[in-house]
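Student: Here it is, the structure in full.
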Amino acid sequence: MTQLTHTVPLLPLTTGVVLPGMVVPMALESEEAKAAAEAAGQAGGQLVLVPHVDGRYSPIGVLSEIVEVGALPGGSPAMVVQGLQRVAVGTGVPGTGRALWVQVDVVEEEEASEEARALAREYRAVLENILEVRGARQIAERLREVSEPAQVADLAGYSPDLSLSQKVKVLETTDLPARLRLVLGWARDTLADLSIRQQIRSSVEEGMEKTQREFLLRRQLEAIRKELGELGEGGEEGTPDAYRAQVAGRDLPEAVRVAVEREIGKLERTSEQSPEHGWIRTWLDTVLELPWGEESDDHLDLAEARRVLDADHDGLEDVKSRIVEHLAVRALQARRGLAPVRGRGSGAILALVGPPGVGKTSLGESVARALGRRFVRVALGGVHDEAEIRGHRRTYVGAQPGRLARALREAGTMNPVIVLDEVDKLGSDYRGDPSSALLEVLDPAQNHTFRDHYLEVELDLSKVLFLATANVAETIPGPLLDRMEVIRIDGYTEDEKLAIARHHLLGRQLERTALRPEEVEISDEALRVVSADYTREAGVRNLERELGRLLRKVATKLASGALDAPVQVDGPDVRSWLGRPRFFFEAADRTSVPGVATGLAVTGTGGDVLFIEATSMEGPEGLTLTGQLGDVMKESAEIALSYVRSHAEELGIAPEAFKGRRFHLHVPAGAVPKDGPSAGVTMTTALVSLLAGRPVRPVVGMTGEVTLQGRVLPIGGVKQKVLAAFRAGLRHVVLPVRNGPDLEDVPEAVRDALEFTLAESVGDVLDAALEPAGETPAELPLAS
């Protein structure tokens, strides 16, 4: 091979490759390009184009000739160059102008062999196929004019499918057969990729045509079968025949069956492209998913049911007795061959009303286990939309049945235990009143024909055992409360809390803290200290938290090696684990001066102790009330002051004590709203104590409404108030005489530990509450 040497300017290419035979335009944007073009004029219009990729120059370039110099449409200078020959780039040499001059040796193409010609023909054929797939048939025909194998191989420079590095590799491959094999392999890959894409596109188009054809044929087939009166016994899922097969195998009520068959008929007449087709299928699926005719068999063993209830919860005798009564009736019906009463008035609807943490919600699951029924919980707290209960009408997009229908679907039976949790916290706004929607659900005379807006068929809810839970009954609308059998859970005594902690809470917290029962021993005295000094609640939720805190501290000591198992925790040790007590008996300190009385109240968290303070000062006669008192409580204060003024002489108070004096009644915890008439006797006692200079006995708590004649009227929440007095350390409780029978609801252990005074008049209250006149401490400040 003969090599010729030329000295020409060099122009590096960073974005493309020019191969021999190619004619390409180039913009002269850089100074380097302009200098190379200017210098090319001194070299007979020739320059060498060398790829500059990834920071390196290719050792092979293309000797090119400038065909034309001009400007682009935007005015930028440009030139048209034609690749002539491959050259090997040598060393740089001095030259004129700013361009880089180099010596290049021409790489002569060897004579094409038979192998090269065969490869060239195959490569050209592959290129023609690629162009035909892309719709460039005219360009494919012009390829046939190129016959020289070297020229055919260098056509790869025009290919948009090759990357810059691939084109550089073509340039640097000087062996002709090797170059042809290289570009042929890449061309085959490109053709294969294009063929797959074309097959996919054809398959999609054929699939669309097939779907349309099948739809038309299916419509025609259905029309023919309808004319012949043929009905299939099943079919593809979602087809009318499949739904008819499901209906045939289900024990549906007659009205439901008619409604379903009517909707199946609509489904047949509705096009699959219509949105209504999907709505009808969704409705059919929803209705057929409901457990029509499916019921759980009740466990009629009363002793076993009682054992399950006692194992899960301590106390709560009223609820357990009511569940056992329900089972006893079912057992007698089964024993005497009587069918259970269905329909109107046969449902059981209980409302468990009590403070937080007494086990209302968990009791529902226990009841379901005792009865052998499925359990479903429906949370109603904060629900504002009536459609949550009755469902959305089918005209709305995304409509669905109400929570009760969904609960039955989830349970899989028509007689589950459904807990309606926090029914006292239902809201109402422009979307409706959910509590009004519950009137039908919780009415035993109506719920056997409950109609959901979405289903539009009657649901028999009379077989469901409803357990509603609430913290206070006062916020439940009267008509709704009237439909439920209210069972009050007023809280636990200290002995009951001790049993619950020992049997339930302690084991659960040991498991959560990864402790074994033999690693820590907590005595009964320690549990009592935690309950009395670190919690003061009707339930046991905070008690469980404190036990968990104590056990976590024990676990920390054991894990760090500071203590060895077993760890003993006794009563005196509790303070070292939990810190200072949070509660203590403060009635003695609060009532040590005249004018402070201890009352009893009921809140959303159970019973509580309420201190009422009274004082007087010079000023315009009248009464000031503070402590966020409601209207009823303010009226009670006015009644108390009027009674004391009108009966001052009987109470041993000088009439002059009221002249020029202004009285102030304050109920501490001013951030908490308070209302109700039951503080009347406490306010009266505080005023008499102030004016008579006789302190209230520190162990006495009282409650009751007072009249202007001094009568003490009955109040509610006696059990909760008595339990609160017992928890607070009081030992004498004054109640209205007409609340005497309510003491039967108080646990016997609490009744035995307290002294009760049943007052008929204010005089009875004062006799029990005030210290004797002769025993007033001299240092106590009297009324001024």
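The values are calculated or read from the model by the stated rules, or taken from the named source; none is laboratory data. What you see is a predicted model; the values in this text were computed from it and never measured. Please note: Cβ atoms are built from the backbone with ideal geometry, for glycine as well, and neighbour counts cover all protein chains shown. What goes into the accessible areas is simple: the full protein's heavy atoms, side chains included, and nothing from ligands, DNA or RNA. Shrake-Rupley method; radii C 1.70, N 1.55, O 1.52, S 1.80 Å.
Student: Inspect all residues belonging to the stretch 403-425 and state whether any of them is of a type in the set (Ser, Thr, Tyr) and surrounded by fewer than 16 Cβ atoms within 10 Å (Cβ to Cβ).
Tutor: If we filter the stretch 403-425 for residues that are of a type in the set (Ser, Thr, Tyr), which is where we start, we get 413.
Okay, now just the ones that are also surrounded by fewer than 16 Cβ atoms within 10 Å (Cβ to Cβ), so none.
No, the stretch 403-425 has no match at all.
Student: Hey, any hits in the stretch 155-169 for a residue that's under 17 Å from Ala116 (Cα atoms), modelled with pLDDT of 75 or more, open to solvent by 10 Å² or more (accessible area, probe 1.4 Å) and outside any helix (DSSP H, G or I)? Walk me through how you get there before you give the answer.
Tutor: Taking the stretch 155-169 and keeping what is under 17 Å from Ala116 (Cα atoms), we get 155-156.
Among the residues that remain, those that are also modelled with pLDDT of 75 or more are: 155-156.
Narrowing the set further to residues that are open to solvent by 10 Å² or more (accessible area, probe 1.4 Å) leaves 155.
Still in the running and outside any helix (DSSP H, G or I): none.
So far as the stretch 155-169 goes, no, none of its residues is under 17 Å from Ala116 (Cα atoms), modelled with pLDDT of 75 or more, open to solvent by 10 Å² or more (accessible area, probe 1.4 Å) and outside any helix (DSSP H, G or I).
Student: Turning to a different aspect of this structure: Count, please, the residues in the stretch 475-522 that happen to be open to solvent by 50 Å² or more (accessible area, probe 1.4 Å) and touching a helix residue (DSSP H, G or I) at 6+ places or on another chain (Cβ under 8 Å).
Tutor: 13
Student: Hey, another quick one. With respect to Ala778, is the statement that it is over 24 Å from Leu641 (Cβ atoms), small (Gly, Ala, Ser), surrounded by fewer than 24 Cβ atoms within 10 Å (Cβ to Cβ) and at pLDDT below 85 true?
Tutor: Numbers: over 24 Å from Leu641 (Cβ atoms): yes; small (Gly, Ala, Ser): yes; surrounded by fewer than 24 Cβ atoms within 10 Å (Cβ to Cβ): yes; at pLDDT below 85: yes.
Yes, satisfied.
Student: Which of the helices (runs of 4 or more DSSP H) found entirely inside the stretch 630-733 contain at least 2 residues meeting this: under 43 Å from the mean Cα position of the chain (by Cα) and either among the β-branched types (Val, Ile, Thr) or modelled with pLDDT under 85 (or both)? Don't jump to the end; show me each part of the working.
Tutor: Values: elements: 631-646, 680-692, 718-727.
Hits in the stretch 630-733: 718-727.
Student: Only one residue in Tyr396, Tyr492, Tyr454 is more than 29 Å from the chain's Cα centre (by Cα), part of a loop (DSSP other than H, G, I, E, B) and of a type in the set (Phe, Trp, Tyr). Which one?
Tutor: Tyr492
Student: Among the listed residues Ile264, Ile280, Ile323, which satisfies the condition of being β-branched (Val, Ile, Thr) and farther than 26 Å from Tyr396 by Cβ? Quick ask: steps written out before the conclusion?
Tutor: On the way: Ile264 fails: farther than 26 Å from Tyr396 by Cβ; Ile280 fails: farther than 26 Å from Tyr396 by Cβ.
Sole residue among the options that is β-branched (Val, Ile, Thr) and farther than 26 Å from Tyr396 by Cβ: Ile323.
Student: May I pose another question? Restricting the stretch 249-264 to residues that are free of Cβ contacts under 8 Å to residues at least 12 places away in the same chain and part of a helix (DSSP H, G or I), which is farthest from Gly293 (Cα to Cα)?
Tutor: As a first pass, look at the stretch 249-264 and keep what is free of Cβ contacts under 8 Å to residues at least 12 places away in the same chain: 249, 254, 257-258, 262.
Those still in the list that are part of a helix (DSSP H, G or I) too: 254, 257-258, 262.
Details: Glu254: 12, Arg257: 13, Val258: 16, Arg262: 21 Å.
This residue is Arg262.
Student: Sticking with this one: Suppose we keep only residues that are part of a helix (DSSP H, G or I) and out of contact with any helix residue (DSSP H, G or I) (no Cβ under 6 Å at 6 or more places or on another chain) within the stretch 307-318. Which one would you say is most open to solvent (accessible area, probe 1.4 Å)?
Tutor: The first filter runs over the stretch 307-318 and keeps only residues part of a helix (DSSP H, G or I), leaving 307-312, 317-318.
When the remaining residues are screened for being out of contact with any helix residue (DSSP H, G or I) (no Cβ under 6 Å at 6 or more places or on another chain), the result is 307, 310-311, 317-318.
Working: Arg307: 128, Asp310: 63, Ala311: 55, Glu317: 91, Asp318: 99 Å².
Ranking the candidates gives Arg307 first.
Student: For the stretch 266-303, which positions are touching a residue at least 24 places away in the same chain (Cβ under 8 Å) and small (Gly, Ala, Ser)?
Tutor: The first filter runs over the stretch 266-303 and keeps only residues touching a residue at least 24 places away in the same chain (Cβ under 8 Å), leaving 267-268, 272, 279, 281, 283-284, 286-300, 302.
Matches in the stretch 266-303: Gly293, Ser296.
Student: Can you say whether Thr684 is surrounded by fewer than 17 Cβ atoms within 10 Å (Cβ to Cβ) and not charged (D, E, K, R), as far as the supplied structure shows?
Tutor: Details: surrounded by fewer than 17 Cβ atoms within 10 Å (Cβ to Cβ): no; not charged (D, E, K, R): yes.
So Thr684 fails the test.
Student: For the stretch 712-730, how many residues meet the condition of being in contact with a helix residue (DSSP H, G or I) (Cβ under 8 Å, 6 or more places away or on another chain) and either open to solvent by 20 Å² or more (accessible area, probe 1.4 Å) or of a type outside the set (Gly, Ala, Ser) (or both)?
Tutor: As a first pass, look at the stretch 712-730 and keep what is in contact with a helix residue (DSSP H, G or I) (Cβ under 8 Å, 6 or more places away or on another chain): 712-715, 718-719, 722-723, 726-730.
Keeping just the survivors that are either open to solvent by 20 Å² or more (accessible area, probe 1.4 Å) or of a type outside the set (Gly, Ala, Ser) (or both) gives 712-715, 718-719, 722-723, 726-727, 729-730.
Residues flagged as in contact with a helix residue (DSSP H, G or I) (Cβ under 8 Å, 6 or more places away or on another chain) and either open to solvent by 20 Å² or more (accessible area, probe 1.4 Å) or of a type outside the set (Gly, Ala, Ser) (or both) within the stretch 712-730 amount to 12.
Student: Please determine, by comparing only the residues of the stretch 524-546 that are open to solvent by less than 20 Å² (accessible area, probe 1.4 Å) and outside any helix (DSSP H, G or I), which one is nearest to Ala724 (Cα to Cα). Quick ask: steps written out before the conclusion?
Tutor: Step one: filter the stretch 524-546 for residues open to solvent by less than 20 Å² (accessible area, probe 1.4 Å), giving 526-527, 530-531, 534-535, 538-540, 543, 546.
Now drop any that are not outside any helix (DSSP H, G or I), which leaves 534-535, 538-540.
Values: Tyr534: 15, Thr535: 12, Ala538: 8, Gly539: 11, Val540: 14 Å.
For the stretch 524-546, the residue satisfying everything is Ala538.
Every residue, every condition in (1) open to solvent by less than 60 Å² (accessible area, probe 1.4 Å); (2) out of contact with any helix residue (DSSP H, G or I) (no Cβ under 7 Å at 6 or more places or on another chain), yes or no:
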site	(1), (2)
Val609	yes, no
Ile612	yes, no
Glu618	no, yes
Gly627	yes, yes
Lys634	no, yes
Ser646	no, yes
Gly652	no, no
Lys659	no, yes
His666	yes, yes
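Student: Filter the stretch 707-727 down to the residues that are hydrophobic (A, V, I, L, M, F, W, C) and without any contact (Cβ under 8 Å) to a residue 60 or more places away in the chain and list them by number. It would help to see each step written out before you state the result.
Tutor: Taking the stretch 707-727 and keeping what is hydrophobic (A, V, I, L, M, F, W, C), we get 708, 712-713, 715, 718, 722-726.
Residues satisfying the conditions are Val712, Leu713, Ile715, Val718.
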